[in-house]
Amino acid sequence: MRSQSTNHLINYILHLADDSLILGHRNSEWCGHGPVLEQDIAITNISLDLIGQGRNFYQYAAKLTNESTPDPSFAATEDTLAYLRDIRQFKNCLLVEQPNGDWAQTILRQFLFSAYQFYLYQQLQNSNDETLAAIAEKSLKEVTYHLRWSSEWVIRLGDGTSESHQRMLNAIDELWVYTGELLIAASYELRAMSTQQGVDLTILKPKWEEKVKDIFVEATLPWPGERFQQIGGKEGKHSEHLGYILAELQYMQRAYPGCEW
Amino acid sequence: MSVQDLEKIFQGKIDDEIKIEPKDWMPEKYRQSLIRQVSQHAHSEIVGMLPEGNWITRAPSLKRKAILLAKVQDEAGHGLYLYSATETLGVTREQTINDLHSGKAKYSSIFNYPTLTWADIGAIGWLVDGAAILNQVMLTRTSFGPYARAMVRICKEESFHQRQGFEILLVLSTGSKEQKEMCQDAINRWWWPSLMMFGPHDSESTHFDQSMKWKIKRKSNDELRQNFVDMIAEQVKVLRMTLPDPELKWKEKTGHYDFGEINWEEFWNVVKGNGPCNRQRLEARRKAWQDGQWVREAAGAYSEKRKVRSQAA
Ligand SMILES: [Fe+2]
Ligand SMILES: [Fe+2]
């Protein structure tokens, strides 16, 4: 029997992994279709970073899983975790599974998420779990770049042409409802926080808001303020979009089970 | 100096293996020929992202996904170097891209074939990047400096791509029955189109003599194709798969493999736009460009504003 505390920690790690993988997957849909070659390369870079982070977290979750429930007939790996769980077991937030939309929507999604992930990893470096602290430290370097790149684009589009400004407003309308969830702790996050393995989201909230406000001001975009918020992704209650993502992502592993690739 | 004198100096440099640089005098036909070739090469890199990009979201493992994504990104980088090399010849990237979209400029026909299974990603890396390498290694010695230097950077990455592709197939070739079938099927479908990548026979090639004299090309299409066949015919043994050519035979006397005749009717059909994916590839490129129009405009408008503001400050 796996102990409750290991279970919570594994869920916490899977949540971090799923966020990174799903956003990495979404961004990878741009590869070959970007608005200009340099940005095609940039968004692919971010996608690669996020998938890499996801892999680090999955590998760690797999290790803990195998240690806590030794089952010789089934060993967890990064791939079983990414490819063989179904939608209700995925713990990513709703924001990262939203469709790419236009470049404005992709940029805004990246910015809102990177701002969150930046402060998250900054705190997670202090985790008393050494592996998590190490992954956070390594990933923070990458996310620092993601945040800078996406901030610059938010400003460029917000303060660019009237069309780009309007498209940013539309993107805010589309995505703002998914921002609240980032900073509302799920049960495993509360638990991880109490054991000092995870991060206290209440510390993150003011930092995230300040960052987003600053960039919105520079981008001449209005602060959306309090709006109704959709939540549930972190607890496995997703939008319909995730089902289609998984259908593609998991296609090969489902169609040809048990193969090496 | 007379044009004849300039031409003499120019050909003298070429004969002495001195690279031609963008500011040097060059015959207009040399410039045009390079613009055509380098831009076509750039377009091939970019359009080439599409068939493989098609499998990024479906790659069978996280490791494969990351490798494929990085590979396709490399191709974008190659396109970027090559568009820059084209710009040194006096054509903007925008003009070059417009020629692609209007159908005036060509790209490698191989990318007009569909990627149907995961094994196709292996076959493309092994065969298509493999064929590209032979051509590009030759081009590291091409007479135009910026093109040659771009090729040096690109070749390093291409050999990675080929190894990764081969490795995908190697895993399949030792896998389940379905995986083995998938592997052989992909080789069967990609083999002939890969041979077509080297272009028509030398006797049919319109620019051949001039390209050789100017050392834009340094080996003929048929010579490169033979090198490719000799290389792949050996490597396929490691996979324990076969190449779909009953005439493929080692000839002790020549030290090369004999191989069957390419279906040239298919070749010209695909060149003319009748391949399985010509429309779809070009449409994807046009759409990306059109959808990105407002983004490029916004970026331009913003940098203008910044310039004005910093001048006012
Ligand atoms: Fe390439
Ligand atoms: Fe390549």
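Within segment B:33-54, the set of residues being away from ligand 2 (no atom under 13 Å from the Cβ) and crowded, with 24+ Cβ neighbours inside 10 Å comprises B:L34, B:V38, B:S39, B:A42, B:H43. Pairing residues of segment A:81-108 that are within 14 Å of chain B (Cβ to nearest Cβ) and closer than 30 Å to A:V212 by Cβ with residues that are of a type in the set (D, E, K, R) and assigned to a helix (DSSP H, G or I), at Cβ distances under 7 Å and at least 6 apart in sequence or on separate chains, gives A:N100/A:R26; A:G101/A:E174; A:D102/A:R167; A:A104/A:R167; A:Q105/A:E174.
Filter segment B:172-192 down to the residues that are in a helix (DSSP H, G or I), open to solvent by less than 30 Å² (accessible area, probe 1.4 Å) and more than 16 Å from ligand 2 (Cβ to nearest atom) and list them by number.
So in segment B:172-192, the residues in a helix (DSSP H, G or I) come out as B:172-173, B:177-192.
After this cut, where a residue has to be open to solvent by less than 30 Å² (accessible area, probe 1.4 Å) as well, the list is B:172-173, B:179, B:182-183, B:186-187, B:190-191.
Scanning segment B:172-192 gives B:L172, B:S173, B:Q179, B:M182, B:C183, B:A186, B:I187, B:W191.
State yes or no: is B:R296 part of a helix (DSSP H, G or I), under 28 Å from the mean Cα position of the chain (by Cα) and within 28 Å of A:E218 (Cβ to Cβ)? Considered against the rule, which asks whether it is part of a helix (DSSP H, G or I), under 28 Å from the mean Cα position of the chain (by Cα) and within 28 Å of A:E218 (Cβ to Cβ), B:R296 comes out as yes.
So that you can scan it fast, the table gives a plain yes or no per residue for (1) open to solvent by less than 10 Å² (accessible area, probe 1.4 Å); (2) part of a loop (DSSP other than H, G, I, E, B); (3) modelled with pLDDT under 95:
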| position | (1), (2), (3) |
| --- | --- |
| A:D79 | no, no, no |
| A:R85 | no, yes, no |
| A:L95 | yes, no, no |
| A:A104 | yes, no, no |
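Selection of segment B:193-210 for residues being open to solvent by less than 70 Å² (accessible area, probe 1.4 Å) and not in a helix (DSSP H, G or I) yields B:M197, B:F198, B:G199, B:P200, B:H201, B:S205. Residues of segment A:216-242 that are within 14 Å of chain B (Cβ to nearest Cβ) and either in a loop (DSSP other than H, G, I, E, B) or open to solvent by 10 Å² or more (accessible area, probe 1.4 Å) (or both): A:E218, A:A219, A:T220, A:L221, A:H241.
If you check B:L116, B:L100, B:L89, B:L80, which single one turns out to be within 16 Å of ligand 2 (Cβ to nearest atom) and either among the aliphatic types (A, V, I, L, M) or within 17 Å of the chain's Cα centre (by Cα) (or both)?
On the way: B:L116 fails: within 16 Å of ligand 2 (Cβ to nearest atom); B:L100 fails: within 16 Å of ligand 2 (Cβ to nearest atom); B:L89 fails: within 16 Å of ligand 2 (Cβ to nearest atom).
Selected residue: B:L80, the only one of B:L116, B:L100, B:L89, B:L80 that is within 16 Å of ligand 2 (Cβ to nearest atom) and either among the aliphatic types (A, V, I, L, M) or within 17 Å of the chain's Cα centre (by Cα) (or both).
Name the one entry in A:A61, A:A75 that is aliphatic (A, V, I, L, M) and modelled with pLDDT under 95.
Numbers: A:A61 fails: modelled with pLDDT under 95.
When all the criteria are applied, what remains is A:A75.
For A:V199, the criteria (1) assigned to a loop (DSSP other than H, G, I, E, B); (2) of a type in the set (A, V, I, L, M, F, W, C); (3) closer than 19 Å to A:L94 by Cα; (4) within 19 Å of the chain's Cα centre (by Cα) hold in every case but one, which is (3).
Of all the criteria given as (1) away from chain A (no Cβ under 14 Å); (2) part of a loop (DSSP other than H, G, I, E, B), the one not satisfied by B:I9 is (2). Residue count for segment A:168-185 under the criterion of being touching a Phe, Trp or Tyr at 6+ places or on another chain (Cβ under 7 Å) and open to solvent by 10 Å² or more (accessible area, probe 1.4 Å): the result is 2. Which of the residues belonging to segment B:124-138 are touching a residue at least 40 places away in the same chain (Cβ under 8 Å) and out of contact with any Gly (no Cβ under 7 Å at 6 or more places or on another chain)? Residues satisfying the conditions are B:L127, B:V128, B:G130, B:A131, B:A132, B:L134, B:N135, B:M138. Residues in segment B:38-87 that are near ligand 1 (Cβ under 10 Å from one of its atoms) and at the interface with chain A (Cβ under 7 Å from one of its Cβ atoms): B:M49, B:V72, B:A76, B:G77, B:G79.
Here's the yes/no breakdown for (1) touching a residue at least 60 places away in the same chain (Cβ under 8 Å); (2) within 22 Å of B:R153 (Cβ to Cβ); (3) assigned to a loop (DSSP other than H, G, I, E, B):
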| position | (1), (2), (3) |
| --- | --- |
| B:Q37 | yes, yes, no |
| B:K65 | no, no, no |
| B:L68 | no, yes, no |
| B:L80 | no, yes, no |
| B:S84 | yes, yes, no |
| B:L89 | yes, yes, yes |
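Screening A:N11 on (1) within 14 Å of chain B (Cβ to nearest Cβ); (2) part of a helix (DSSP H, G or I); (3) out of contact with any Leu (no Cβ under 6 Å at 6 or more places or on another chain) shows it passes everything except condition (1).
Tally the residues that are within 14 Å of chain A (Cβ to nearest Cβ), under 15 Å from B:Q235 (Cα atoms) and either within 13 Å of ligand 1 (Cβ to nearest atom) or open to solvent by 40 Å² or more (accessible area, probe 1.4 Å) (or both), restricting the search to segment B:152-168.
Within segment B:152-168, the first condition is being within 14 Å of chain A (Cβ to nearest Cβ), and the residues that meet it are B:157, B:164-165, B:167-168.
Going one step further and asking which of them are under 15 Å from B:Q235 (Cα atoms), we end up with B:164-165, B:167-168.
Going one step further and asking which of them are either within 13 Å of ligand 1 (Cβ to nearest atom) or open to solvent by 40 Å² or more (accessible area, probe 1.4 Å) (or both), we end up with B:164-165, B:167.
Number of matching residues: 3.
Could we say that B:E265 is more than 16 Å from ligand 1 (Cβ to nearest atom) and within 14 Å of chain A (Cβ to nearest Cβ) here?
Values: more than 16 Å from ligand 1 (Cβ to nearest atom): yes; within 14 Å of chain A (Cβ to nearest Cβ): no.
So B:E265 does not fit the description; no.
Given the condition open to solvent by 60 Å² or more (accessible area, probe 1.4 Å), among the polar types (S, T, N, Q) and in contact (Cβ under 8 Å) with a residue 40 or more places away in the chain, answer yes or no: does some residue in segment A:192-201 qualify? Break it down into steps so the answer makes sense when it comes.
Start the filter on segment A:192-201 by keeping residues that are open to solvent by 60 Å² or more (accessible area, probe 1.4 Å), which leaves A:193-194, A:196.
Remaining after also requiring among the polar types (S, T, N, Q): A:194, A:196.
Okay, now just the ones that are also in contact (Cβ under 8 Å) with a residue 40 or more places away in the chain, so A:196.
Checked segment A:192-201: at least one residue is open to solvent by 60 Å² or more (accessible area, probe 1.4 Å), among the polar types (S, T, N, Q) and in contact (Cβ under 8 Å) with a residue 40 or more places away in the chain.
B:I18 meets each of the listed conditions (1) open to solvent by 60 Å² or more (accessible area, probe 1.4 Å); (2) in contact (Cβ under 8 Å) with a residue 24 or more places away in the chain; (3) more than 14 Å from chain A (Cβ to nearest Cβ) apart from (2). Within segment B:94-108, can one find any residue that is within 14 Å of chain A (Cβ to nearest Cβ), in a helix (DSSP H, G or I) and among the aromatic types (F, W, Y)? No, because not a single residue in segment B:94-108 is within 14 Å of chain A (Cβ to nearest Cβ), in a helix (DSSP H, G or I) and among the aromatic types (F, W, Y). Being buried (at least 19 other Cβ atoms within 10 Å of the Cβ), away from ligand 2 (no atom under 16 Å from the Cβ) and modelled with pLDDT under 95 holds for only one residue in B:K213, B:K217, and it is B:K217. Exactly one residue among A:L48, A:L37 is of a type in the set (A, V, I, L, M), within 9 Å of chain B (Cβ to nearest Cβ) and over 14 Å from the mean Cα position of the chain (by Cα), and that residue is A:L37. Restricted to segment B:237-264, and to residues there that are more than 17 Å from B:M197 (Cβ to Cβ) and part of a helix (DSSP H, G or I), the residue that is most open to solvent (accessible area, probe 1.4 Å) is B:K237.
Considering B:F267, B:F228, the condition of being open to solvent by less than 50 Å² (accessible area, probe 1.4 Å), in contact with a Pro (Cβ under 9 Å, 6 or more places away or on another chain), in contact (Cβ under 8 Å) with a residue 40 or more places away in the chain and within 30 Å of B:D185 (Cα to Cα) is satisfied by B:F267 alone.
The values are calculated or read from the model by the stated rules, or taken from the named source; none is laboratory data. Predicted model only: the values in this text are computed from it and were never measured. No Cβ is skipped: glycine too gets one built from the backbone with ideal geometry, and neighbour counts run over all protein chains shown. Areas reflect the complete protein model, heavy atoms only, side chains present, ligands, DNA and RNA absent. Shrake-Rupley method; radii C 1.70, N 1.55, O 1.52, S 1.80 Å.
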